[in-house]
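In what follows, a structure is listed as structure tokens, so that the remarks can point back to it.
The values are calculated or read from the model by the stated rules, or taken from the named source; none is laboratory data. If you're wondering where the values come from, they're calculated on a predicted model, not measured in any experiment. No Cβ is skipped: glycine too gets one built from the backbone with ideal geometry, and neighbour counts run over all protein chains shown. Keep in mind that these areas ignore ligands, DNA and RNA; they rest on the heavy atoms of the full protein, side chains included. Shrake-Rupley method; radii C 1.70, N 1.55, O 1.52, S 1.80 Å.
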Amino acid sequence: MPMRSKMTPFFQTLKGGLFESVNKADVGDNADKMKADNVAMLSWADPFFPDDRMDEDIRRAVVSSLGDGTAQHYTAPIGNAELKKVIAEKVARFNGIPADPQRNIIITPGSDSALFFSLIPFVEHGDEVMIVDPSYPNNFQAVEILGGVPVSVPVRPETGFELEIEEFERRLTDKTKLVILTNPNNPTTVVYSRKSLEQLAAFIVKHDLLAIVDQAFEDIVYDGREMVSLGSLEGMLQKTVTIFSISKGMGLSGFRVGCIVASDRLIDTLFASAVSVVGATNTAAQLAAIAAYGKRDELIAEYSAIFDRRRRFVYDAPGVRMQMPQSAFLSWIDVSQLGTSDEIVDYLVREAKVFVNSGNCYGSQGEGYIRLVQGCYADDADIEQAVLRIREALLNKSRERGIS
Ligand SMILES: Cc1ncc(COP(=O)(O)O)c(C=O)c1O
């Protein structure tokens, strides 16, 4: 019997492993081949990738955990007690979410696993999960792996990709169980307004749903925008699981440290199953995270100045149609006049020697867009040169199509 037929329905039809190529450079040797061909990789949401820009205090924390042998051993499955304490302080101060470090926080190997782990107790076969479209691909896939049904809730460029609560209302059924929200959004970078989050909170409370909110990109927001945590709004403490990461704002993706914050009743089963599902997060990486939280404000100020410069550079490039990024280091570029997302991704690899992401990886609303990560590389010049090549190629394409 073919191996696939032994698998669950979702895995039977899953594409993109060893034997099929999909338009992502994540698997196999696509990325290596492109690098060998001098293609600039602006496709990983990984600050400064692939360069070394590690803060020296953080580097020292890791090295000393190796020197004194601490790194050899497990922490508790739910995480290092000191790390949970510093996260609890930050979550209270910055997010307005009260968290007891011993009861309301679990450290996870990155926020990707935090997202999946948080969904496991809630999503079973046929449950509908509302997901803003476009958003982070794992939101859709994690739900499908568990047999749930992702329900896309569109956001539109005409309204600046803000949440539209009527779109949620319209899709509500008796199978709707929860809402997954990535805030700030990847790929649109939108930092959802307090007003729209209050409307979403009222919707969730009214219909007795739950929210899983991924705030991996919360650290860097621009233009005086307010970063509001859904879990801090009225009635939402008992209904929200919030996920955080050190990968994006603090530029430490390789350490794989994220966390889950939730009230006692929500996190209870995660505590009970952490040893089976998570094991424990890497000990040296958790010590690096303590050092990182110790200088979070300083790191964020430094990195946000760099990424602010770069977002303006991309935005100002003629021929590039996009909304000014509201957070972090992504650009969401409308190429619909020039071709499909996949066509433009391939075209840019060929003509501009730059690899970006196809918008259709982020949901059906992403077709006609590409995502570019201006956070890559340590040196601004690497980004500027790649963006100039993109600009040139897009202008040529416009001329070819008789647009410009
Ligand atoms: C929205 C979002 N959440 C979570 C992650 C995963 O982050 P981590 O490195 O914490 O697993 C990513 C990575 O790109 C992301 O874009």
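Here are some notes:
- Ser118 fulfils the conditions (1) within 16 Å of the ligand (Cβ to nearest atom); (2) among the small types (Gly, Ala, Ser); (3) surrounded by fewer than 17 Cβ atoms within 10 Å (Cβ to Cβ) except for a single criterion, (3).
- Options Ser111, Ser5, Ser43; residue that is of a type outside the set (Asp, Glu), in contact with a Gly (Cβ under 7 Å, 6 or more places away or on another chain) and at pLDDT 90 or above: Ser111
- Of the helices (runs of 4 or more DSSP H) entirely within region 1-96, those holding at least 2 residues that are closer than 30 Å to Asp342 by Cα and more than 16 Å from the ligand (Cβ to nearest atom) occupy 9-12, 30-36.
- Residue within region 293-305 that is touching a helix residue (DSSP H, G or I) at 6+ places or on another chain (Cβ under 6 Å) and either closer than 17 Å to Asn186 by Cα or modelled with pLDDT under 95 (or both) present: no
- Region 165-194, residues that are farther than 26 Å from Phe10 by Cα and within 21 Å of the chain's Cα centre (by Cα): Asn183, Pro184, Thr188, Thr189, Val190, Val191, Tyr192, Ser193, Arg194
- Condition check for Ile383: surrounded by fewer than 23 Cβ atoms within 10 Å (Cβ to Cβ), touching a residue at least 60 places away in the same chain (Cβ under 8 Å) and hydrophobic (A, V, I, L, M, F, W, C): no
- Per the conditions (1) touching a Gly at 6+ places or on another chain (Cβ under 9 Å); (2) within 16 Å of the ligand (Cβ to nearest atom); (3) open to solvent by less than 40 Å² (accessible area, probe 1.4 Å), the sole criterion not satisfied by Val143 is (1).
- Residues of region 164-177 classified as surrounded by 14 or more Cβ atoms within 10 Å (Cβ to Cβ), farther than 12 Å from Ala201 by Cα and of a type outside the set (Lys, Arg), total: 4
- Hey, Lys15 in contact with a strand residue (DSSP E or B) (Cβ under 7 Å, 6 or more places away or on another chain), under 25 Å from Pro187 (Cα atoms), open to solvent by 80 Å² or more (accessible area, probe 1.4 Å) and at pLDDT below 85 or not: no
- Flag if Ala352 is among the hydrophobic types (A, V, I, L, M, F, W, C) and open to solvent by 10 Å² or more (accessible area, probe 1.4 Å): no
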